[in-house]
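A short reminder: the numbers here are calculations on the coordinates, not readings from a lab. Keep in mind that this is a model prediction, so the values were computed, not measured. Cβ: placed from backbone, ideal geometry, glycine included. Neighbour counts: every protein chain shown.
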Amino acid sequence: MNTPNNRVIIFDTTLRDGEQSPGASMNLDEKIRIASVLEEMGVDVIEAGFPIASDGDFEAVNEIAKIVKDSTVCGLARATKGDIERCADAIKPAKRGRIHTFISTSPLHMKYKLQMEPERVFEKVKESVTFARNFTDDVEWSAEDGSRTERDFLARCVEAAIASGARTINIPDTVGYTLPHEYADLISFLFNTVPNIDKAIISVHCHNDLGLAVANSLAAVGAGARQVECTINGLGERAGNAALEEIVMAMKTRQDLMPFTTGIISEDIMKASRLVSTVTGFTVQPNKAIVGKNAFAHESGIHQDGMLKHAGTYEIMTPESVGLTQSKLVLGKHSGRHAFKDKLKDLGYDLGDNAVEVAFKGFKDLADKKKDVFDEDIIALVDDQVIRTNDRLHLISLEILCGTKHKPPKSELELEIDGVVKSCKSTGDGPVDAAFNAVKALFPHGARLQLYQVHAVTGGTDAQAEVTVRLEEDGRTCIGQAADTDTMVASVKAYLNALNKLLVKREKSAPSALSA
Ligand code: KIV
Ligand code: ZN
């Protein structure tokens, strides 16, 4: 990748490191949707998965490699032939494909995790990069736990990886331990020490255990790094990775001190953030920089007064620059298909005819129940419906009796299960419990409810409730989401959504366990 010296390559690892967050797993359709949004927003490299990790990961990298044309599609591989071959197979269809191979280089990791002598690790660096180069010219090498690696050993490994053909060298702060000045100093050390360093792009990959991932990444860019590995909403292992939106907007806003450019269309940031949050069920904290609900809200009188006089008094960037538009009253129950299609386009959806029809019917139903339909309602509705394909379980009807006169609360539920309609009655400690018990009675399963969360999509008592449910079964977790003006209907739909996803996962990992 030939770039001018002030151009920073944005390497997004939402689909790989981000997906490694406990509970954040995504299905193939969801990964493809995210990859398309990342490509559209100008991400240079999309790390789409770890192909050896599972058939699902392989398939995701492979499918994304077929679809994405403008971004490089990358797969992760440990320093073994098996991993690298699997990764090479997965990225084969890509217009531009990258193999990202890594091995730990810190004393702690080499001794306890790898149980290898440093000289063996050094040999593996050369072997793995050389082997990967048989499949593509675009090979990235990472020194896992690089920030805690002895400097001389790190410099030797970096030099050897470049000499073996790596075009990108990544120095991760795997455990989020480093500090900005220390990390910048490490990057400068490599620039001053490694003789062939000019033959590669230096990349950084920071975890957020001390809340310093973005600061560390930016400090490294100041010291010469020209690729930043990051994720949407800072998703990632433990405390997460550096947040893409923060890296991009910091550089854009502080051009005076950081005269760097990226290829990111910043106006697409909100769309990507919302999608990742919807798919993973990881809601963005309200005060999160750039994409939090309050990031551009001004509550105190003094601030509001200042804003009215000049927006620059309390705003260092505009909401529009990250794709935040005013909540708009969009369509009413008399709006036609054409206006609805235009609105979908405006909101960044590119749906096929069938999906538009399904969404339009959902919109009409919603407009019958709810006076004002806002952008957020349409987003919730489409996310709710587009995500659901090939589901085995569908809600047909639900009735709940609850309140002071109905103890215990009672539910009556009709589900379509593999094309057959079944019904039952149940009770529970509360209305949600009664409804979920009815699902369990109709479709017995061992999944445990780990999370149940409700929030209102917009203001007002007629707002749609958006429910998020997380289920866990044998170490596999799935997030389900649904929106409806009726909180109980949204709850059962979200529960079924999570269950449907879990069934897909079950089928993939254990073909014999097809039935519940
Ligand atoms: O955090 C890390 O070190 C990683 C590597 C695999 C790049 O994710
Ligand atoms: Zn990582």
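What to note about this one:
- Computed P(r) (all Cα pairs; segment 9-280; 5 Å bins; percent): 1, 7, 14, 18, 21, 19, 13, 6, 2, 0
- In segment 11-164, Rg over Rh equals 0.99, where Rg is the alpha-carbon radius of gyration and Rh the Kirkwood radius from pairwise Cα distances.
- Whole-Hz ³J(HN,Hα) from phi, Karplus 6.51 cos²θ - 1.76 cosθ + 1.60, for segment 413-424, glycine and proline x: 10, 10, 10, 9, 10, 6, x, 10, 8, 10, 9, 6
- Modelled FRET efficiency - R0 41 Å, Asp55 with Asp462, Cβ distances, 0.05 increments: 0.40
- Over the C-alpha atoms of the chain, the Rg to Rh ratio, Rh being the Kirkwood estimate, stands at 1.00.
- Each peptide among 241-253, 414-426, 261-273 gets the average number of other Cβ atoms lying within 10 Å of its residues, and from highest to lowest they stand as 241-253, 261-273, 414-426.
- Length gained when the stretch Asp89-Asn134 is fully extended (0.36 nm per residue, less Cα-Cα span): 15.0 nm
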